[in-house]
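Laboratory data are not the source of any read-out in this text; all were calculated from the coordinates shown. Quantities reported herein were computed from a predicted structural model and do not represent experimental measurements. Glycine also receives a Cβ, built like all others from the backbone with ideal geometry; neighbour counts cover every protein chain displayed.
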């Protein structure tokens with residue numbers, strides 16, 4: 001039997017679309033095999049990698065993954081920790097042990113460390129099969145967020161907002177002078193001068209809206225130049241902090 | 001013998017269809033499906049936390065559908081808002097029509113809520129609801145094997161009718177046969193029959209219904225692609 005692909009790389013497919021036929025192809029993420037045909041299991045962009053067919057999702061909720069850095073909100077104080085909502089179908093638990101290097105005495109009032117409605121940057125350290133999530137605050141850059149503003153973006157567009165080696169976000173940071181933290185869950189924290197914060201929010205919304213188009217960096221730098229009236233240069237060889 | 005239908009359609013002609021995805025910005029997924037004067041708007045929220053807790057299923061997520069006709073939607077009296085016996089039954093069978101394609105194993109203890117509202121109704125509402133809901137679920141990025149399309153078939157005066165309207169259904173008393181179809185599996189996930197029809201005719205109706213569902217399937221796919229192309 002001959003192997004044949006019915007779609008091109010980067011085509012948009014919807015559930016039930018026949019992507020390829022033949023046992024030479026392997027179904028990857030977001031696809032399934034029925035007899036010898038491979039079908040799409042969700043809305044996504046086709047990515048043909050050798051003989052493996054994968055789908056890059058275009059929509060959907062954030063699913064917690066170990067080692068992801070996310071921004072979350074404290075929604076409850078528990079017996080020995082905090083419950084965190086991070087815009088996913090499931091909530092996470094931050095245990096006392098993972099919250100701070102300080103010594104927390106027995107029976108202490110936990111709201112002294114994190115109160116309800118506080119926002120934190122944390123790292124996912126464990127996800128169980130029943131989607132019980134543990135997060136940690138132990139690590140560089142993991143902290144409570146004070147001031148600034150939040151904007152929610154589609155979690156599937158986060159890689160575009162960060163850009164190659166962080167180029168896109170560093171450009172927005174440089175142009176607006178804002179401090180920006182992006183959580184893998186699509187929550188973005190922006191802190192700076194109020195006017196500049198607004199520009200940064202608009203720039204991020206622009207990236208989100210046009211994430212699938214090419215030449216995005218140029219358009220964003222042009223947008224930032226117009227808004228800030230300063231020359232914006234694309235950030236090269238940005239090293240991760 | 002060609003039957004003359006009240007709106008001038010041929011016996012095997014559907015009413016004009018419009019489908020649009022992403023009509024409700026704050027929902028996780030949404031879609032509108034309009035067939036003639038019947039319009040369904042579906043909004044998907046979730047997967048999200050499920051309460052009350054006793055409804056949770058630790059093996060996989062559950063699907064909750066909510067069908068509701070808007071007060072001003074009907075042809076005659078005002079429809080009382082909120083649920084009634086009929087809407088509860090239709091909600092249940094819409095979820096049963098959609099469940100065979102959905103894969104909710106990644107979402108234990110969670111729920112996917114689908115709210116189907118009908119601003120305009122002229123028969124065939126459950127079918128329009130299923131069409132809208134399946135597009136909305138795909139828009140929400142859920143894993144599903146295929147889209148579900150549905151069509152209400154009719155049988156009147158020994159003639160098979162496609163997509164009957166309220167006039168044919170309620171006033172002329174046509175046999176009403178709604179069916180939902182999953183193309184890639186070649187399976188029917190909803191089949192009801194209100195009235196009388198012979199076995200031979202029913203088999204014919206199923207064949208025609210499947211063909212019409214395939215036409216709707218194409219429209220649904222096109223609408224979904226359009227949203228993501230932009």
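Between the stretch A:1-74 and the stretch B:21-37, the C-alpha centres lie 24 angstrom from each other.
Taking a quarter of the surface of the convex hull around the Cα atoms of the stretch A:72-169, what do you get in nm²?
Result: a mean projected hull area of 7.5 nm².
Inter-chain neighbour count for A:13-23: the average number of beta-carbon atoms from partner chains within 10 Å of each residue's beta-carbon is 5. Both radii were evaluated on the Cα set of chain A; the Rg over Rh quotient, with Rh as the Kirkwood radius, amounts to 1.05.
Name the residue, out of A:211, A:40, A:92, whose mean-square fluctuation peaks in a Gaussian network model built on chain A with Cα pairs under 10 Å. Comparing A:211, A:40, A:92 in the GNM, the peak value goes to A:40. With all projection directions averaged, the alpha carbon convex hull of the stretch B:19-133 covers 7.4 nm².
Ranked highest first by average number of other Cβ atoms within 10 Å, how do B:206-212, A:55-61 line up?
The packing order, highest mean first, is A:55-61, B:206-212.
The simple Förster model, with R0 at 22 Å and r as the Cβ-Cβ distance, assigns residue A:205 and residue B:218 a FRET efficiency of 0.10. Listed by Cβ neighbour count within 10 Å, with the fewest neighbours leading, B:54, A:25, A:150 appear as B:54, A:150, A:25. Expressed as a fraction of 2.2 N^0.38 Å, the C-alpha radius of gyration for the stretch B:86-202 is 1.14.
Global size of the protein assembly as shown: 25.7, 89 Å for Rg and Dmax (C-alpha atoms, Rg to one decimal, Dmax whole). For the stretch B:72-154, the percent of C-alpha pairs falling in each 5 Å distance bin, counted from 0 to the bin holding the largest distance, reads 3, 12, 23, 24, 17, 12, 6, 3, 1. Each listed q (0.11, 0.14, 0.16, 0.22 Å⁻¹) maps to a log10 I(q)/I(0) for the stretch A:149-228, found by the Debye formula over equal Cα scatterers with no solvent: -0.22, -0.37, -0.48, -0.97.
Cβ crowding within 10 Å, taken as a proxy for footprinting-reagent exposure, orders A:90, A:32 from fewest neighbours to most as A:32, A:90. Peptide B:135-146 shows a mean partner chain C-beta count of 6 within 10 Å per residue C-beta. Per residue of peptide B:213-221, the mean number of Cβ atoms on other chains within 10 Å of the residue Cβ is 1.
Label zone (residue A:47, point 7 Å along Cα-to-C-beta; backbone nitrogen cut-off 17 Å) within the stretch A:133-168: A:155-166. Note on the stretch A:16-120: Kirkwood radius taken over Cα pairs, Stokes-Einstein applied at 10 °C and 1.306 mPa s, translational D equal to 93 µm² s⁻¹.
Run the paramagnetic zone check for residue A:214: 7 angstrom along Cα to Cβ, then residues of the stretch A:1-32 with backbone nitrogen under 16 Å. The answer is A:8-12, whose backbone nitrogens lie closer than 16 Å to the label point. Neighbour counts of other Cβ atoms within 10 Å put B:185, B:14, B:153, B:135 in the fewest-to-most order B:185, B:14, B:153, B:135. Taking only the Cα atoms of the stretch B:17-229, the ratio Rg/Rh comes out at 0.97, with Rh defined as the Kirkwood radius.
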